[in-house]
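Throughout, read-outs are computed from the coordinates displayed, never taken from laboratory work. Worth saying up front: this structure is predicted, and the values here are computed from it rather than measured. Glycine also receives a Cβ, built like all others from the backbone with ideal geometry; neighbour counts cover every protein chain displayed.
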Amino acid sequence: MIEDKAKDLGRTIGQSPEYKEVKRASDTLNEDRETVALLQQMEQLRLEAQRMLQRGERPNEEMERKLDTLLSQIQSKPSYQRLLVAQENFDKVMSKVNDWILEGIEKGATSSIITL
């Protein structure tokens, strides 16, 4: 029963305009080779910095500058901006869904009527 309702909710969310926009924006970003290359460079630097921190070393100033530069370049890309906006809108929807689920749980926990 719960599994069926959860799957139905998932299908409904997957058909929402907000989810569809995240999917479109993600596909567009993945087709933007320049931005993908910048993201990959940034991830490599981030992993390198993380490894340094695990060894007790501090990332050097040049590495920090490179990360800042890459971040600025990525943030200026329209495909990245579009994905951020779409993700933020989807996150708002999911926050509301979670609130509604919690509201339902609270009502269900205090109700003496069993509705299966």
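General remarks:
- Cα-based Rg of the chain normalised by 2.2 N^0.38 Å, two decimals: 1.57
- Note on the chain: with a GNM built from Cα contacts shorter than 10 Å, the maximum mean-square fluctuation among L71, L102, L83 falls on L102.
- Scanning the chain for DSSP H helices at least 24 Å long along the axis (C-alpha atoms) with a Kyte-Doolittle mean no lower than 0.5 picks out nothing.
- From helices alone, the chain scores -29000 deg cm²/dmol at 222 nm; the rule is -39500 (n - 2.57) for each run of n ≥ 4 DSSP H residues, then divide by the residue total.
- Selection among S76, L9, A86 by position relative to the dipole of the chain gives L9 as farthest towards the positive end (Cβ unit charges, Cα centre).
- Those lysines that a straight Cα-Cα span of less than 28 Å connects to K107, excepting residues fewer than 8 apart in one chain: K5, K7, K92, K96
- Take every Cα pair under 8 Å whose residues are at least 6 apart in sequence, average their separation, divide by the length of the chain, and the relative contact order is 33 percent.
- Among S111, S16, the ranking by other beta carbons within 10 Å of each residue's beta carbon, starting with the fewest, stands as S111, S16.
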